[in-house]
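Values in this text are rule-based calculations from the coordinates and carry no lab data. None of the values given here were measured: they were computed from a predicted structure. Note that each Cβ is placed from the backbone with ideal geometry, even for glycine, and that neighbours are counted across all protein chains shown.
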Ligand code: 1HE
C-alpha cells in the first residue's frame, strides 16, 4: 500500500492497495459474505472522501465468493422512525461520495450482489460482472425496504417493473440477464473481472480529469433535467472542458499526428 493511500484509516473490513494511478478497494469481510455494517459503510465514506490526488480511478471488489450480501442483518435493531431515517441517510451520504466523488469507480461483481450490495453496485460508474454474479432485492422477504438509494439509482438500470418484480417475488437476475438489460456494462469469465476492471480503470485514469468529472457529475444530472436546461448545462460544460489546458494539449497532439486514433476494442 502506498504511503498516501495508507494514510486513510480504514476498518478491518476494507482493504486498499495502489497500482499506479488506480486504487483497489476490497470489501474484506468474506466470512460474513461482505455484509455491510455501519463501520464498513463509514469506512467507504472515509476512503472516497480522502482519496489522494494522485489516484485517478478506483476499482471496488469483494473478497471471497460474493460481492456483498447487503445490509448486515444483525444490525437491524429496533429503530424508531427518526433512527431509521438517520441510518438510511448515512448510507445515502456514503454512496453519494462514490457516485459523485473525486474519481470514476469500476466495480467487479461476482456471486451475490444483493440488497444493499446491489445498491452499492448501483452507485459506481462501470460494472464488470463475472458469470457467477446474480442480483436480488430480498428486502421484501425481510420485511424492509431499500434504504441505500436503491429506489433512486436502480430504476434507471433495471426499470421500475423489474425492480417491483424482484422486490415482490424474490426473483433473481443472472449475470447474463444483468448484462442484457445494461445493469453491467461488461460480462467476463469467472476470475477475469479484476483484470478487466484494472484495464478499464487504467484507461479512465489516463483521461483528462475534467472530462472524467463532467462524465460522472454533469452527465447524469443533465440527463435528469428538462431538455432546455440540459442543453444550456451541456454547452457550459463543453466550453469549460475545451478551455482546459489538458484539452488543448490533447487536440494539438492529434492534429500533429501524435495523438491516439480511435481503435476498435
Ligand atoms: C450475514 C448476511 C447478512 C450472510 N447480514 N450476516 N441481505 C440478505 O437478505 C442476504 C442474506 N444472505 C444470504 O442470503 C446468503 O448468506 C448468501 C446467498 C449471500 C451467501 O450464502 P452462503 O451459503 O455463501 O453463506 P451463509 O452460510 O448464508 O452465510 C455465511 C455467514 O455470513 C453466516 O454467518 P455465520 O456466523 O453463521 O457463519 C451468515 O449469517 C452471514 N451473513 N449474509 C449478516 N446480510 C440499506 S437497506 C439494504 C437492505 C438490504 O440489504 S436487505 C438484504 C439483506
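Considering the chain as a Gaussian network with a 10 Å cut-off on Cα pairs, which listed residue, 180, 205, 112, attains the greatest mean-square fluctuation?
Result: 180 has the largest fluctuation of those listed.
Translational D (Stokes-Einstein, µm²/s) of segment 110-263 at 20 °C and 1.002 mPa s when Rh comes from the Kirkwood sum over C-alpha pairs?
Details: Rh = 17.9 Å.
Approximately 120 µm²/s, per Stokes-Einstein.
Go from 0 up to the bin containing the longest alpha carbon distance in segment 1-103, width 5 Å each, and give me the % of pairs per bin.
2, 12, 22, 23, 19, 12, 5, 3, 1, 0
Mind telling me which of 73, 173, 109 comes out most flexible in a GNM of the chain, alpha-carbon contacts under 10 Å?
Result: 73 has the largest fluctuation of those listed.
Give me the Kirkwood hydrodynamic radius of segment 93-146, using the inverse of the mean 1/r over all pairs of distinct Cα atoms, in Å to one decimal.
Values: mean 1/r = 0.0841 Å⁻¹.
Mean inverse Cα-Cα distance, inverted, gives 11.9 Å.
If the viscosity is 1.306 mPa s and the temperature 10 °C, what Stokes-Einstein diffusion coefficient in µm²/s follows for segment 152-213 when Rh is the Kirkwood radius over Cα pairs?
Details: Rh = 13.9 Å.
Rounded to a whole number, D works out at 114 µm²/s.
Going by how many other Cβ atoms sit within 10 Å of their own, how do 108, 81, 188 line up, fewest first? Let's see the in-between values first.
Numbers: 108 28, 81 7, 188 21.
Final ranking by Cβ density, sparse to dense: 81, 188, 108.
Any idea what angle helix 38-49 forms with the longest principal axis of the chain, computed on alpha-carbon atoms, 0 to 90 degrees, nearest 10?
It works out to around 10 degrees.
Given N residues in the chain, what is its alpha carbon radius of gyration divided by 2.2 N^0.38 Å? Could you put the intermediate results ahead of the total?
On the way: Rg = 19.1 Å, N = 265, 2.2 N^0.38 = 18.3 Å.
After normalising by residue count via 2.2 N^0.38 Å, the value is 1.04.
Can you pull the three principal axis extents for the Cα set of segment 2-56, in Å, largest first?
32, 18, 16
Comparing 57, 30, 228, which has the greatest mean-square fluctuation in the GNM of the chain with Cα pairs linked when under 10 Å apart?
228
Let me test this: with uniform point scatterers at the alpha carbons of segment 81-194, what is the Debye-based log₁₀ I(q)/I(0) at q = 0.16, 0.17, 0.20 1/Å?
Log-scaled intensity ratios, in q order: -0.71, -0.80, -1.08.
On average, how much area does the Cα convex hull of segment 177-251 cover when viewed from any direction, in nm²? Each step should come with its number before you reach the end.
On the way: hull surface 26.7 nm².
In nm², the orientation-averaged hull projection of segment 177-251 is 6.7.
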